[in-house]
Amino acid sequence: MSVYTHTALGAAVGIAAGNPVAAFFLGAATHVVSDAVSHYDSERVWLEVVLAATAGVLLSWISGWRTVVLFGILGAALPDVDNLLISLKVLPKRSKVFPSHGGYLRHGVELGVRNAAVQIAVLGVLTLWVCVAPELL
Ligand SMILES: [Zn+2]
């Protein structure tokens with residue numbers, strides 16, 4: 001899954017988690033589940049980093065910089081650090097340690113770039129959730 005989608009999922013579960021530790025681990029759990037779904041990952045690392053950072057700052061700001069949102073984002077996005085460092089050739093390819101990257105858990109089939117539109121739609125829905133969830137929970 002694209003990192004911006006992981007970021008949005010982490011923010012969404014973080015806001016419902018209740019505490020930062022639960023937010024972090026729920027965020028990591030969303031990474032495993034969403035990696036299992038067939039998806040598109042951009043080959044442009046710089047684009048992934050820029051979009052994920054933008055989504056993270058936007059979602060954090062919308063939430064009023066709530067700690068649970070920040071920890072949910074960290075838990076959901078940090079697992080992709082191995083992919084980032086491998087893409088930048090800092091680490092060898094065998095360094096994929098996160099279970100859904102290293103082949104220990106299911107990783108979805110790679111879809112075409114059109115799937116990016118689906119992921120952007122998911123980002124939009126989750127952004128709305130982060131806006132309204134504090135009023136609902
Ligand atoms: Zn991943």
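Along the range 102-114, what does the Karplus equation 6.51 cos²θ - 1.76 cosθ + 1.60 (θ = phi - 60°) give for ³J(HN,Hα), rounded to whole Hz, x for Gly and Pro?
x, x, 7, 10, 4, 10, x, 5, 6, 9, x, 4, 4
Taking the mean number of other Cβ atoms within 10 Å as a proxy for protection, how do you rank 123-135, 2-14, 59-71 from highest to lowest?
2-14, 59-71, 123-135
Ranking request for peptides 22-30, 90-98: highest mean number of other beta-carbon atoms within 10 Å first, then the rest in descending order.
Peptide ranking by packing, descending: 22-30, 90-98.
For the range 3-136, what's the relative contact order in percent, using C-alpha pairs closer than 8 Å and at least 6 residues apart?
Here the relative contact order equals 39 percent.
Can you compute the helix-only [θ] at 222 nm over the chain? Use -39500 (n - 2.57) per DSSP H run of at least 4 residues, normalise by all residues, nearest 500 deg cm²/dmol.
-21500 deg cm²/dmol
Ratio of Rg to Rh for the chain, alpha carbon only, Kirkwood?
Rounded to two decimals, Rg/Rh equals 0.96.
Residue by residue, what Karplus-based ³J(HN,Hα) values in Hz, rounded to whole numbers, does the range 28-35 have, using 6.51, -1.76 and 1.60 with θ = phi - 60° and x for Gly and Pro?
Using θ = phi - 60°, the values come out as 5, 5, 5, 5, 4, 5, 6, 5 Hz.
Only the coordinates and a few stated rules stand behind these numbers; no lab work does. All values derive from a computational prediction rather than experimental measurement. FYI the Cβ positions are ideal-geometry reconstructions off the backbone, even for glycines, and counts take in every protein chain you see.
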